[in-house]
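Structure first, commentary second.
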């Protein structure tokens with residue numbers, strides 16, 4: 001077989017690597033753009049807040065020095081739970097500049113059990129910097145494992161003996177307790193601390209995997225790999241220092257992390273507000289992008305769908321240069337936004353472990369096929385491996401493996417799991433299913449772990465979702481496996497309908513059964529008529545993980561409960 005027909009792609013790296021530290025890069029960008037707005041933070045009913053490059057450098061360094069004075073040493077772990085606000089941005093750069101490793105936390109459970117689970121994985125956390133949260137909810141959650149607090153910020157935790165410091169981002173009233181605050185830490189007028197010298201290969205960031213199908217893992221990134229993630233993202237977005245980017249994603253996520261600012265000082269607009277409905281979120285994003293004269297937006301596919309009708313109704317002729325999207329397989333229907341809200345859409349594919357891997361920029365919807373992920377970034381290699389462990393021919397489905405200069409250092413304290421996913425040649429096993437077309441384009445369908453084992457067939461949920469999304473009243477759909485005594489598993493379609501839609505799940509089922517199904521028979525998929533979803537359920541919203549992805553474990557449990565099926 002000719003090698004050019006095998007499912008292998010690579011793109012040489014032409015521009016060289018960035019071998020720098022994050023603080024070094026921040027200083028360089030601040031020197032180039034000292035008075036330019038680095039970030040703008042918007043929230044409904046609140047004043048516009050922004051920070052310049054020079055302010056970002058000065059204040060993050062002040063935080064770093066304050067942490068050093070509180071005993072933080074190079075290699076320590078500092079856990080940060082902050083929203084998308086200036087304090088959160090300063091903490092990202094301040095913690096890393098102190099020589100510590102940044103661990104982003106998201107607190108959702110009142111008893112603090114989710115925070116405790118992450119801290120247990122981290123193993124050696126020295127300090128917490130938290131936003132007290134609405135009605136002090138985050139602070140109260142953390143106090144479940146903090147046993148004593150002193151006025152100087154020192155704390156004692158029997159559950160986590162390595163934690164010695166707690167900093168709260170602003171003054172708060174809680175049980176008459178005085179807390180060490182981020183403001184005090186920044187404003188200390190002392191010169192008795194210096195920042196450590198760092199190396200680009202030092203660990204800088206611990207980021208949680210999505211946990212959508214299991215327990216999240218902690219991904220370890222160095223300064224170098226973080227900056228390479230930024231290089232690849234800039235390649236796909238194509239932004240320059242003159243652009244203004246709206247990014248709806250939290251800075252704790254790979255998609256929201258301030259990589260782009262470190263590349264060329266581009267201005268980013270974002271929000272920390274938690275909207276009640278998707279419609280409210282989309283209306284705010286549309287208004288914010290107009291107000292701030294954004295010309296690029298980083299949006300989730302579901303947000304793009306929600307913006308189309310808003311843009312059609314608006315007569316202002318506002319249009320973006322580009323929308324950057326990913327995080328889930330992107331259907332062709334998502335690109336209907338071209339010509340309505342944006343000149344083009346860039347679809348990207350990547351992971352927390354390997355960063356941004358492939359991308360495709362589309363200016364005409366006819367150029368796009370469902371779930372295309374495009375072509376590799378510079379320095380990235382992609383191959384498709386079949387169940388026999390060999391590279392398959394182009395056009396055949398298999399598991400996606402990648403190799404990249406932005407590759408993570410491993411899963412924290414999980415050597416065997418790291419070995420399972422990264423082989424000795426540096427190839428990362430993504431757990432994603434896809435194929436490479438004869439033209440050399442990657443099509444990513446979904447995850448191997450999402451396969452539904454229905455009788456003798458292996459169903460790819462994304463193919464069933466594609467059928468259902470063609471129904472005009474379906475807003476979003478997720479197909480999940482449900483236990484079955486005969487077939488082992490059957491498919492269940494969980495559907496969110498468009499606002500004011502009068503269609504029911506029975507109508508969607510009839511629609512699915514009336515059309516010619518997408519038939520693709522091979523070792524990874526076998527979608528035929530009798531394997532269409534057996535169950536159809538209506539949802540108002542889907543449960544989410546800490547990183548914002550759909551929590552499929554909770555979704556399966558809720559669906560089984562509604563169907564009276566014992567898991």
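The values are calculated or read from the model by the stated rules, or taken from the named source; none is laboratory data. Bear in mind that the values here come from a model prediction, so they are computed numbers and not experimental data. Backbone-built Cβ (ideal geometry, glycine too); neighbour counts: all protein chains shown.
Restricting attention to the range 266-278, the residues that are outside any loop (DSSP other than H, G, I, E, B) and either within 21 Å of residue 204 (Cβ to Cβ) or in contact with a strand residue (DSSP E or B) (Cβ under 8 Å, 6 or more places away or on another chain) (or both) add up to 5.
Every listed requirement among (1) crowded, with 18+ Cβ neighbours inside 10 Å; (2) touching a helix residue (DSSP H, G or I) at 6+ places or on another chain (Cβ under 9 Å) is met by residue 50 save one, (1).
Tallying residues that are at negative phi and either surrounded by fewer than 21 Cβ atoms within 10 Å (Cβ to Cβ) or outside the structural domain of residue 329 (by TED's automatic domain parsing) (or both) within the range 424-443 yields 9.
The rows are residues; the columns are (1) surrounded by fewer than 24 Cβ atoms within 10 Å (Cβ to Cβ); (2) in contact with a strand residue (DSSP E or B) (Cβ under 7 Å, 6 or more places away or on another chain); (3) not assigned by TED's automatic domain parsing to the domain that holds residue 91.
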{"residue": "232", "(1), (2), (3)": "no, yes, yes"}
{"residue": "236", "(1), (2), (3)": "yes, yes, yes"}
{"residue": "240", "(1), (2), (3)": "yes, no, yes"}
{"residue": "244", "(1), (2), (3)": "yes, yes, yes"}
{"residue": "247", "(1), (2), (3)": "no, yes, yes"}
{"residue": "251", "(1), (2), (3)": "yes, no, yes"}
{"residue": "256", "(1), (2), (3)": "yes, yes, yes"}
{"residue": "264", "(1), (2), (3)": "yes, no, yes"}
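Just to be sure I understand, how many residues within the range 434-469 are touching a helix residue (DSSP H, G or I) at 6+ places or on another chain (Cβ under 8 Å), at pLDDT below 90 and closer than 24 Å to residue 309 by Cβ? Adding up the residues that qualify gives 2. Going residue by residue through the range 348-361, is there one that turns out to be in contact with a helix residue (DSSP H, G or I) (Cβ under 9 Å, 6 or more places away or on another chain), surrounded by fewer than 21 Cβ atoms within 10 Å (Cβ to Cβ) and modelled with pLDDT of 90 or more? Yes, the range 348-361 has at least one match.
Among the residues of the range 321-334, the one identified as more than 15 Å from residue 359 (Cα to Cα) and surrounded by 23 or more Cβ atoms within 10 Å (Cβ to Cβ) is 334. Looking across the range 430-456, the residues that are closer than 19 Å to residue 482 by Cβ and in a strand (DSSP E or B) come down to 446, 447, 452, 453, 454. Out of all the residues in the range 340-347, is one or more closer than 20 Å to residue 498 by Cα, buried (at least 20 other Cβ atoms within 10 Å of the Cβ) and modelled with pLDDT of 95 or more? Yes; the residues of the range 340-347 include at least one that is closer than 20 Å to residue 498 by Cα, buried (at least 20 other Cβ atoms within 10 Å of the Cβ) and modelled with pLDDT of 95 or more.
Looking only at the range 287-296, decide whether some residue is crowded, with 22+ Cβ neighbours inside 10 Å and not in a loop (DSSP other than H, G, I, E, B).
yes
Quick grid of which residues meet (1) touching a residue at least 60 places away in the same chain (Cβ under 8 Å); (2) in a loop (DSSP other than H, G, I, E, B); (3) in the same structural domain as residue 544 (by TED's automatic domain parsing); (4) under 19 Å from the mean Cα position of the chain (by Cα):
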residue: 316; (1), (2), (3), (4): no, yes, no, no
residue: 329; (1), (2), (3), (4): yes, yes, no, yes
residue: 347; (1), (2), (3), (4): no, no, no, yes
residue: 359; (1), (2), (3), (4): yes, no, no, yes
residue: 369; (1), (2), (3), (4): yes, yes, no, no
residue: 378; (1), (2), (3), (4): yes, yes, no, no
residue: 384; (1), (2), (3), (4): yes, no, no, no
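If you go through the range 74-97 and pick out every residue that is within 19 Å of the chain's Cα centre (by Cα) and within 18 Å of residue 118 (Cα to Cα), you end up with 6.
The residue list 146, 92 contains one member that is in the same structural domain as residue 176 (by TED's automatic domain parsing), touching a strand residue (DSSP E or B) at 6+ places or on another chain (Cβ under 8 Å), within 23 Å of residue 187 (Cβ to Cβ) and in contact (Cβ under 8 Å) with a residue 12 or more places away in the chain, which is 92.
In the range 25-55, what count of residues is obtained for those that are free of Cβ contacts under 8 Å to residues at least 60 places away in the same chain and farther than 24 Å from residue 285 by Cα?
Counting residues in the range 25-55 that are free of Cβ contacts under 8 Å to residues at least 60 places away in the same chain and farther than 24 Å from residue 285 by Cα gives 8.
Those residues that are under 18 Å from the mean Cα position of the chain (by Cα) and either in the same structural domain as residue 49 (by TED's automatic domain parsing) or under 19 Å from residue 44 (Cα atoms) (or both), I need them from the range 300-314; list them, please.
To start, the set of residues in the range 300-314 that are under 18 Å from the mean Cα position of the chain (by Cα) comprises 300-304.
Listed by number, the list holds a single entry, 303.
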